[in-house]
Every structure is written in structure tokens, then in C-alpha cells.
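First up is the structure itself, then whatever we jot down about it.
The values are calculated or read from the model by the stated rules, or taken from the named source; none is laboratory data. Note that the coordinates shown come from a computational prediction; the quantities given were computed from them, not determined experimentally. Glycine gets a Cβ as well: all are built from the backbone with ideal geometry, and neighbour counts include every protein chain shown. Surface areas here come from the heavy atoms of the whole protein model, side chains and all, with no ligands, DNA or RNA. Shrake-Rupley method; radii C 1.70, N 1.55, O 1.52, S 1.80 Å.
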Amino acid sequence: MSSKVEKLVPVPERVEADLDELARIHDPESEGWTRTVFSETYRASREWMRSRMVDAGLQVHPDGAGNLVGVLPGCDPAAPALITGSHTDTVEGGGRFDGIVGVLGALEAVRQLIEHDVRLERDLLVVDFLGEESNEFGLSCLGSRALAGELSAADLYRRDHRGTRLGDRYTAFGLDPSDVLTASGWARTRALHRYVELHVEQGPLLEERDVPIGVVTAIAGIERMLATFTGRPDHAGTMPMGDRRDALVAAAEAVLTVRQEGCGAPVHGVATTSRLVSEPGSPNVVPGTVRMQAEMRSVDVDWLSAAQRRLTEEIRLKAGAYGVDVDVEWSCDNECRPTHPAVHEVISSAADSLGVAWEPVPSGATHDAVHIARLCPMGMIFVPSRGGRSHCPEEWSDLSHIATGVQVLGRTLVELDRTPG
Ligand code: HGY
Ligand code: MN
Ligand code: MN
């Protein structure tokens, strides 16, 4: 290892200052550190992000899909490029670290390379991907999905609960929807060598095992369910209990069935019901219709598909006992994506060379890495989350862990730069 590379030691205070400054750009009307995609708060935060990328020494250009792409030129611009990054949008009521650590950590890694005059052979692309979080259009990872060619023209016609089309949200954000599908083609024509993403674990494993670094083995597949229960609205004061067809009672059974399935996964799996919309919703009417939103996730592909089938059957059977019909629709947010063994190997040996303990961990959360994996071999580095909490204001990762993650990222990028092929 050259002495220059040995000197790539992150300055935690710089990362902390960036984390604090970005956290200040959040929606004052919402809980936590909210910066949802397409919001005015998000627009302001990306202006800040772009200027921080320039300050770090990157040549920045937004692509047609709304991703912010910073380039650190390498010695051989014709060589397939390295790519790293993550996202800076949050869920409603989200935290200060999910995604953000991967973008701001990459900026610190870039500053280290420049300050210690470590010239990479390959261009290094640092990307703040647009809209990674799941949204009302039912599509997470908007920016990386577009780069991977997985966003379709039909997707732009998806509507949110107000009836607004996704394409119109791009337009209002200053992006041309037709560009979103074409201009993102740069990532499919620009040869990409390897992708590595630094991210907070968002779960309890690393903290429980007291290990500072996780090397991700696979990113869970996500299947989303929309169940529509059709019973019969009746007078709540007169219809005898035994004669009712109460859609909300059937849905309540289904919520517990979803939980039961999630708790039954033999290796890795979770299931969550996130929304019930009961109509007509009047206190004196037996609910006639209920729409239920749920999701299941696992790195165990066989369990996930079997659980979907079981759940659909069980929900229908239990609803029938209340005289309620149910229509169950499933949609795949993303397939399970294993990380690339060659990238996994470089990350773990980078940690070993730094004397940093690491463990292989699955990711129950999805990431932009799932989509960029379609463009080149992918790997991920995790740092611990306090109490395993995320997607909440209490989300926290220690600066010392983040700095270790940045150091492993920097060392990994240098090693990946040298790998052929
Ligand atoms: O939903 C997820 O797993 C990610 O945090 N967007
Ligand atoms: Mn994330
Ligand atoms: Mn998230």
C-alpha cells in the first residue's frame, strides 16, 4: 500500500459539519428531518449539495433524470469509471443519516484523494441519486432506476392519491419527463467499472455484534400488496352482528396474518402493513370497503414467493368467513439483489488492511445499489445504526463509525481502481 494511500484518513469534523448543515435544510412543517422528493425543501437541499460537490473538487452536472453527478477525473478518461453515492431525500419524518452518509462520506473520500494527491486511473463518479425513498407512486429509487433503464414511459403516468401524475411532478421540479427516460442513458453508454455505496445499516445487527463495519451480502427483494376488501355498508345501530359483512374486521384479520407471515420467515424476512383506508368512515356505518397497503421483504427468494402465495390464500379465506370479498394485487418494488463477490472481497480486504473488524450482513432496506447493479458489479458498506432505528427522527450513527466507513470506502475505491476488467 503506497504511503499516500496510508494517509487517506477522513477528517470527522468536516463530515460532521456537512451532516449538520444538510440537516438544517428540512421541512419545518414535518417531524424529524424531512426532505421528500420533489418538495421545495428537497430542491433547496440539492442546490446546497451541488455547491458542496463543487467545493470538494468535483465537476458537477445534473443528468436528465434529476441525479446530481460529480466527476473526479482520472488519468485515463477512457477507462470504465468507478461510481459511488447514495441519496439525500428522506421519508416523511425521517432522520439525518439514511442515504446522506453515503453522499457526504463520498465527498470526504474525494477530498482525501485530492489532498493527498492520490490520482486514480479511472474517473470517479459521485452521485446523489434522485428520490430513493418509496413514494406515493409506488416506485422507490427514481434516479438510479432511470439510470439502469428500469423506469418506463408508463411509470410517468402513475398517479398519487391526489391524482397527480409522476411525470407532472418531474415537470414541476424542473425536469423534462422525456429527458428522464433518455438523458439518463449516459449511464448505459458510459462504461462503468464498479459501484460501491456507503450506508447506515438501519437495523440492529452491527450494534448487537459490536462490529463497526458490515459488508453487505444481498439486498432484500420487496413485494408490495394492495388488498381491496368489499363487504356491505349497513346501519351500525340496527344490523345484527351475525348478519354484517364488515370489511374492516376482515382487514384487521389480514393485518395480523401479514404479521404472522413475517414472523415465520426461517432465515430472513419481514412483513408490514402500513395503511388501511376504510370507507365510508362514518361512525354509524358498518365499513363497506377497505383498501390495505402492505409489503414483504426477504433475501430468501423462495420464502418470499411462497409467503406471497400463502398470504393471498389466507387473507381470502379469512375474509370469506365474514362474507367479505377481497381482491389482492402484488407489485414488485425490486428483486432481491446479491452483491458482487469480487466487490465484497475488495471491501472486506480494505477493512482487514485497516485492522477494522467487519461482518457479512444482509440488507433488509433497499438502496440505489439494487439498480446500479444492472450497470456494473456492486457492493455496499454498512456502519452501525444506534438501536437499529431508522426512518425516524431518532435515527443516529456515531461519527467515529461514519469516519471508519469513509476510510474503508476510500481504501476500497483505490483498490477497485486498480482491479482490471
Ligand atoms: O424502503 C427502503 O428500504 C429504503 O429505505 N428506501
Ligand atoms: Mn437509504
Ligand atoms: Mn430509507
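Check VAL71, VAL126 and return the single one that is assigned to a strand (DSSP E or B) and buried (at least 21 other Cβ atoms within 10 Å of the Cβ). Write out each step before concluding.
On the way: VAL71 fails: buried (at least 21 other Cβ atoms within 10 Å of the Cβ).
That would be VAL126, the only listed residue that is assigned to a strand (DSSP E or B) and buried (at least 21 other Cβ atoms within 10 Å of the Cβ).
Only one entry of THR238, THR273 meets the criterion of being assigned by TED's automatic domain parsing to the domain that holds VAL286 and in contact with a strand residue (DSSP E or B) (Cβ under 7 Å, 6 or more places away or on another chain), and that entry is THR273.
If only one of ALA307, ALA236, ALA247 is modelled with pLDDT of 95 or more, aliphatic (A, V, I, L, M) and within 23 Å of VAL370 (Cβ to Cβ), which one is it? On inspection, the qualifying residue turns out to be ALA307.
Which of the residues belonging to the range 5-39 are among the acidic types (Asp, Glu) and within 30 Å of ASP160 (Cβ to Cβ)? Before the answer, list the steps.
Keep residues of the range 5-39 that are among the acidic types (Asp, Glu), which gives 6, 13, 16, 18, 20-21, 27, 29, 31.
The answer is ASP27, GLU29, GLU31.
Among the listed residues LEU82, LEU19, LEU8, identify the single one that is open to solvent by less than 70 Å² (accessible area, probe 1.4 Å) and in contact with a strand residue (DSSP E or B) (Cβ under 7 Å, 6 or more places away or on another chain). Before the answer, list the steps.
On the way: LEU19 fails: in contact with a strand residue (DSSP E or B) (Cβ under 7 Å, 6 or more places away or on another chain); LEU8 fails: in contact with a strand residue (DSSP E or B) (Cβ under 7 Å, 6 or more places away or on another chain).
Going through LEU82, LEU19, LEU8 in turn, just one is open to solvent by less than 70 Å² (accessible area, probe 1.4 Å) and in contact with a strand residue (DSSP E or B) (Cβ under 7 Å, 6 or more places away or on another chain): LEU82.
Considering each residue of the range 125-141, count those that are acidic (Asp, Glu) and within 11 Å of ligand 3 (Cβ to nearest atom), and give that number. Break it down into steps so the answer makes sense when it comes.
Let us first name the residues in the range 125-141 that are acidic (Asp, Glu), namely 128, 132-133, 136.
Filter once more, so that each one left must be within 11 Å of ligand 3 (Cβ to nearest atom): 132-133.
So the count comes out to 2.
Selection over the range 316-347 of residues that are in a helix (DSSP H, G or I) and under 30 Å from PRO233 (Cβ atoms) gives a count of 5.
Of all residues in the range 72-122, exactly one satisfies the criterion of being within 16 Å of ligand 3 (Cβ to nearest atom) and either basic (Lys, Arg) or modelled with pLDDT under 95 (or both), namely ARG96. Exactly one residue among HIS344, HIS340 is modelled with pLDDT of 95 or more, in contact with a Ser or Thr (Cβ under 8 Å, 6 or more places away or on another chain), outside the structural domain of GLY264 (by TED's automatic domain parsing) and open to solvent by 10 Å² or more (accessible area, probe 1.4 Å), and that residue is HIS344. Looking across the range 137-163, the residues that are free of Cβ contacts under 8 Å to residues at least 40 places away in the same chain, in contact with a helix residue (DSSP H, G or I) (Cβ under 9 Å, 6 or more places away or on another chain), open to solvent by 40 Å² or more (accessible area, probe 1.4 Å) and not small (Gly, Ala, Ser) come down to TYR157, ARG158, ARG159.
Okay, residues lined up against (1) within 25 Å of ASP398 (Cβ to Cβ); (2) in contact with a Pro (Cβ under 9 Å, 6 or more places away or on another chain); (3) of a type in the set (Val, Ile, Thr); (4) not in a strand (DSSP E or B):
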residue: TRP48; (1), (2), (3), (4): yes, no, no, yes
residue: GLY85; (1), (2), (3), (4): yes, no, no, no
residue: GLU133; (1), (2), (3), (4): yes, no, no, yes
residue: LEU139; (1), (2), (3), (4): no, no, no, yes
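Pull up the range 81-96, narrow it to residues that are within 28 Å of ASP176 (Cα to Cα) and away from ligand 1 (no atom under 13 Å from the Cβ), then point me to the one that is nearest to the chain's Cα centre (by Cα). Going through the qualifying residues, I end up with GLY85. In this entry, LEU248 is excluded by the filter for residues that are open to solvent by 20 Å² or more (accessible area, probe 1.4 Å), aliphatic (A, V, I, L, M) and free of Cβ contacts under 8 Å to residues at least 40 places away in the same chain.
Pairs linking a residue in the range 43-69 that is assigned by TED's automatic domain parsing to the domain that holds ALA172 to a residue that is assigned to a helix (DSSP H, G or I) and charged (D, E, K, R), with Cβ atoms under 6 Å and 6 or more positions apart or on different chains, are ALA56/ARG111; VAL60/ARG50; GLY64/ASP179; LEU68/ARG50. For the range 40-68, a tally of residues being surrounded by fewer than 17 Cβ atoms within 10 Å (Cβ to Cβ), out of contact with any helix residue (DSSP H, G or I) (no Cβ under 6 Å at 6 or more places or on another chain) and modelled with pLDDT of 95 or more returns 9.
For GLY323, the criteria (1) under 30 Å from ASP246 (Cα atoms); (2) surrounded by fewer than 21 Cβ atoms within 10 Å (Cβ to Cβ); (3) touching a Ser or Thr at 6+ places or on another chain (Cβ under 8 Å) hold in every case but one, which is (3).
Return the total of residues in the range 186-208 being away from ligand 2 (no atom under 16 Å from the Cβ) and among the polar types (S, T, N, Q). Here the count works out to 1.
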